[in-house]
1. Quick one: if the Förster radius is 25 Å, what FRET efficiency do Val103 and Ile50 give, using the C-beta to C-beta distance and rounding to 0.05?
2. On a full-extension model of 0.36 nm per residue, what is the gain between Ser63 and Asn145, subtracting their alpha-carbon distance, rounded to one decimal in nm?
3. Say each of Tyr127 and Phe22 gets a label point 7 Å from the Cα, pointing the same way as Cα to Cβ; how far apart are those two points in nm?
4. Sort Leu37, Leu7, Leu30 so that the residue with the fewest other Cβ atoms within 10 Å of its own Cβ comes first and the one with the most comes last.
5. How about segment 1-60: which trypsin sites (Lys or Arg not before Pro) there lie in a loop by DSSP and see at most 11 other Cβ atoms within 10 Å?
Amino acid sequence: MFAGGLLVLLCFFIPWIVIDTFPIGGSSILKTIGIRLVLTKVSFATLALITAITILVISIYMSVKKTSRIFRTIVLICCVVGAFSIIISLNQIETEYRPYLTVMAGTNLTRNQLTELNYEKVFNLHYGVYGIIIGYVLAFIGACNIPTYDQIITDIK
């Protein structure tokens, strides 16, 4: 669980989406990093960062103290909410940049008739997104393997 939370936290400093405008006649590459999204505006990426920090704090606390079922439930909820908030954040990023890319492709279409707007070539998911999803899955699996209070008592007897 700790490894999953740490992986999610570290992936906020790795590029999530690379927007390459070369296929539509542009001349720039824009890399979107998760921590930059969190610092510029409050969005679903902020919620994902909060859930990652919550998972880390709970896993550290649980390594010091005895585990309980309430922490297991909280971590499971944080994993699901965090994964969905990342998906919504990616959708927000694409929706934010789509009008600019459409105008850029239209402008370049007048110069070059072979220019076509293919969003799959322009928006490329990068390592950060994959790492975050893997981190949430690891934390979810770790939380599912936390023994409940009843299991701890029967193991002691």
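1. On the way: r = 35 Å, r/R0 = 1.39.
Between Val103 and Ile50 the formula returns 0.10.
2. 28.1 nm
3. Distance between label points: 1.9 nm.
4. Values: Leu37 22, Leu7 19, Leu30 12.
Listed from fewest to most nearby Cβ atoms, that is Leu30, Leu7, Leu37.
5. Details: sites: Lys31, Arg36, Lys41; in loops: Lys41.
Taking segment 1-60 and a limit of 11 other Cβ atoms within 10 Å, the loop trypsin sites (Lys or Arg not before Pro) found are Lys41.
Only the coordinates and a few stated rules stand behind these numbers; no lab work does. Everything numeric here is computed off the predicted structure, so don't read it as measured data. A quick note on method: Cβ atoms are made from the backbone with ideal geometry, for glycine too, and the neighbour counts reach across all protein chains shown.
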